[in-house]
Amino acid sequence: MFSAPSAIVEAKAVEFYYTGEETSASPALSGINLAVKQGEYVALIGPNGSGKTTLLKLFNALLTPYTGEVMVEGISTDCEEEISQIRRMCGMIFQNPDNQLVATTVEEDIAFGLENLALPSKIIRQRVDDVARLLGLEGLLRQPPHLLSGGEKQRVAIAGVLAMEPRCILMDEPTSMLDPAGRREVNATVRDLNNNQGLAVIHVTHFPEEAAAADRVVVLSEGRIVGQGPPEEILTDLEMIHKLGLQGPAAVELAAMLREDGYPLAPQLLYSRELVDSICSLERKS
Ligand SMILES: Nc1ncnc2c1ncn2[C@@H]1O[C@H](COP(=O)(O)OP(=O)(O)O)[C@@H](O)[C@H]1O
Ligand SMILES: [Mg+2]
């Protein structure tokens, strides 16, 4: 009998070398075990060169492991004939929206992947309209993508992925080229898709506040997972975060300074609101 795989994407004992063989150079990834379930929102953090992009590309079957196995919905990414199916189930959003938009209008762009599947035009029209409505892009469908804001462009790229009816969306620093308004727009869109459509998300980010919004934070360093857990555990461990050359959320950094100065704040404060509430509820010791 068919039983549904418990994980949407899973890496099992994965090791990866860009040279395609074991070399004296250290592997880009090593000993990676990670499973992401339906509806889970995972933030992937780590210094430059720690292997974040490589891991996303393994989940998207752009790369295949040297040892170990990567599964998408129970299908190994080693199965050549399943690669297009895997890419549909596990769509990827990159840093620069300009590199992902290929057509002359927004609607053609959203339809691009569907056209390649040679679906009937009526179905393509329906899916484009559905995702446009879901992402609030109805008014932009006939616009040329280059006239859109950064946040709108990234939402069009997300719409193109969504039109393929994926189970998981992989995002590689999708907001790093956007202004704060664009960043909020994209983060709210993805959060909404995760909450309401049950889409699993793996979000690579350098913004601690984005990682704080995830269900789980996974920390990579030198190709290995060196920590994972709920954001309030991982992102408040400033000793570990700073050792990796990263920064904690602003509220966590501030809370640490205030504690040093003698303010007995509640532990594991993650958000500015919590910090303010904690400050307002205490009197300074000594
Ligand atoms: N195309 C490539 N060819 C050879 N080495 C690469 C390539 N891409 C990345 N690397 C190396 O693999 C390691 C992991 O890189 P990457 O996954 O891009 O890290 P991150 O996304 O965390 O910055 C780094 O040491 C990087 O130099
Ligand atoms: Mg990267």
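The values are calculated or read from the model by the stated rules, or taken from the named source; none is laboratory data. Because the structure is predicted, anything quoted here is derived from the model rather than measured. Please note: Cβ atoms are built from the backbone with ideal geometry, for glycine as well, and neighbour counts cover all protein chains shown.
Annotations
- Here R191 meets the list (1) part of a loop (DSSP other than H, G, I, E, B); (2) away from ligand 1 (no atom under 16 Å from the Cβ); (3) in contact (Cβ under 8 Å) with a residue 60 or more places away in the chain almost entirely, failing just condition (1).
- Pair list, Cβ < 7 Å and 6+ apart or interchain, from the range 142-154 residues that are on the phi > 0 side of the Ramachandran plot and without any contact (Cβ under 8 Å) to a residue 60 or more places away in the chain to residues that are in a helix (DSSP H, G or I) and of a type in the set (A, V, I, L, M): none
- Applying the condition of being acidic (D, E) and under 21 Å from the mean Cα position of the chain (by Cα) to the range 67-120 and asking which residue is nearest to R142 (Cα to Cα) yields D98.
- Pairs, first of a type in the set (D, E) in the range 80-100, second part of a strand (DSSP E or B), C-beta under 9 Å, six or more apart: E82/V72; E82/I75; E82/S76
- Filtered residues of the range 206-241 (kept if touching a strand residue (DSSP E or B) at 6+ places or on another chain (Cβ under 7 Å), among the β-branched types (V, I, T) and not in a strand (DSSP E or B)): I234
- Scanning the range 208-224 for residues that are charged (D, E, K, R) and crowded, with 22+ Cβ neighbours inside 10 Å returns a single hit, E210.
- Subset of the range 37-48 [farther than 11 Å from L170 by Cα, touching a residue at least 12 places away in the same chain (Cβ under 8 Å) and either touching a Lys or Arg at 6+ places or on another chain (Cβ under 9 Å) or within 11 Å of ligand 2 (Cβ to nearest atom) (or both)]: Q38, E40, I45, G46, P47
- Test: residue in the range 243-253 that is at pLDDT 95 or above, within 26 Å of T54 (Cα to Cα) and loosely packed, with under 15 Cβ neighbours inside 10 Å: yes
- Residues that are among the hydroxyl-bearing types (S, T, Y), farther than 25 Å from G91 by Cβ and modelled with pLDDT under 95 occur at least once in the range 25-43.
- Just one of the numbered conditions (1) under 15 Å from V128 (Cβ atoms); (2) touching a helix residue (DSSP H, G or I) at 6+ places or on another chain (Cβ under 7 Å) is not true of E108: (2).
- K37 vs. criteria more than 9 Å from ligand 1 (Cβ to nearest atom) and within 24 Å of P231 (Cα to Cα): yes
- Applying the criterion of being among the charged types (D, E, K, R) and within 16 Å of ligand 2 (Cβ to nearest atom) to the residues of the range 159-207, the residue that is surrounded by the most Cβ atoms within 10 Å (Cβ to Cβ) is D172.
- Residue in the range 10-30 that is under 14 Å from M171 (Cα atoms) and either β-branched (V, I, T) or crowded, with 22+ Cβ neighbours inside 10 Å (or both) present: no
- Checking L56, L62, L101 one by one, the residue that is under 28 Å from M177 (Cβ atoms), within 16 Å of ligand 2 (Cβ to nearest atom) and not in a helix (DSSP H, G or I) is L62 and no other.
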